[in-house]
Amino acid sequence: MRMKISNKPSGGVISSFFVNHFLLTLIICNTNAFIDFGYVYGAQLIAPPSNNPSSPNSRGNHDEFDFEFLGTGNAAFLQTNVFANDDGHREQKIQLWFDPSQDFHTYELVWNPNQIAFNVDGRPVRVFNKGPGVNFASRAMHVEASIWNVSWAGVVDWSKGPFIAYYQGFDIVANQTSSNSFCKASLSDGTVEKNWELSPKQQRQYEEIRKKYLIWDYCSDKSRDHPECEN
């Protein structure tokens, strides 16, 4: 997904791109479909059927991967989160090395049976690995993109509105699942084994980004019980 967030400075505004297994607001149709594993670069979205029983208050334990910008303008943080058949709480925050409100940048999810990589302009900013005792997403997903407001992200300065998030350059390379009976597509296999781990170059980029730009990691909160934090 190529994204650009609002350049009007304010707290409380969330600009997001994420995948989950719920039919909540939008679903992929036409040229795309629900996916099992693969690359997600963006979204082409339409409204779901009106008989959809899901609602934001009934999510419960589910699978989801999030790119979320907290705030707008050059002070915005990028927050990522992983839900793996649970209620998430795996937030990581980074201060990007560029102003995300000034131009489009590419935000990419690479999901395979071994790991989930969150990439920004081709550089991994987060990697979530499968391991013993670690919950790992396994259900078919669809893409959503939205802009919304919430109190835990700060106070919205409505005098600066309207706040607009921009999206372009959508692409998916993935396995198609049969879970979605009303969308049909032909997607290529995005789970080739060479992409199951970071390359040496990507590993160096990842370590450098964590060292320079990571400002919060959920594993720092010892009150939370996440087995992956023990590694």
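The values are calculated or read from the model by the stated rules, or taken from the named source; none is laboratory data. All values derive from a computational prediction rather than experimental measurement. Neighbour counts are summed over all protein chains in view; Cβ atoms, including those assigned to glycine, are modelled from backbone coordinates with ideal geometry. Protein only, heavy atoms only, side chains kept; ligands, DNA and RNA dropped before computing areas. Shrake-Rupley method; radii C 1.70, N 1.55, O 1.52, S 1.80 Å.
Of note:
- Once the C-beta distance of residue 74 and residue 155 is scaled by a Förster radius of 30 Å, the resulting FRET efficiency is 0.95 to the nearest 0.05.
- Listed by chain and number, the aspartates and glutamates placed with their C-alpha closer than 17 angstrom to that of residue 212 are 99, 121; residues fewer than eight positions away on the same chain are left out.
- Too-long pairs where the Cα-Cα distance tops 26 Å, listed order kept, from 130/211; 160/211; 201/222; 4/93; 130/222: 160/211; 201/222
- Spin-label model, residue 201 to residue 95: label points 7 Å out along the Cα-to-beta-carbon direction sit 2.9 nm apart.
- Positive minus negative residues near residue 205 (Lys, Arg vs Asp, Glu; Cβ under 13 Å): +4
- Positive minus negative residues near residue 104 (Lys, Arg vs Asp, Glu; Cβ under 9 Å): +1
- Burial order of peptide ranges 215-222, 167-174 (average beta-carbon count within 10 Å, highest first): 167-174, 215-222
- Modelled FRET efficiency - R0 22 Å, residue 104 with residue 8, Cβ distances, 0.05 increments: 0.80
- Computed label-point distance, nm, for sites residue 230 and residue 213 using a 7 Å Cα→Cβ extension: 3.2
- Lys, Arg +1 and Asp, Glu -1 on Cβ, resulting dipole of segment 79-128 about Cα centre, debye, nearest 20: 160
- On a per residue basis, segment 74-121 carries 31 Å² of accessible surface, using protein heavy atoms and a 1.4 Å probe.
- In terms of packing, defined here as the mean over residues of other Cβ atoms within 10 angstrom, the peptides 142-150, 205-213 line up highest first as 142-150, 205-213.
- Within the accessible surface of segment 93-171, defined with a 1.4 Å probe on protein heavy atoms only, the carbon and sulfur portion equals 51 percent.
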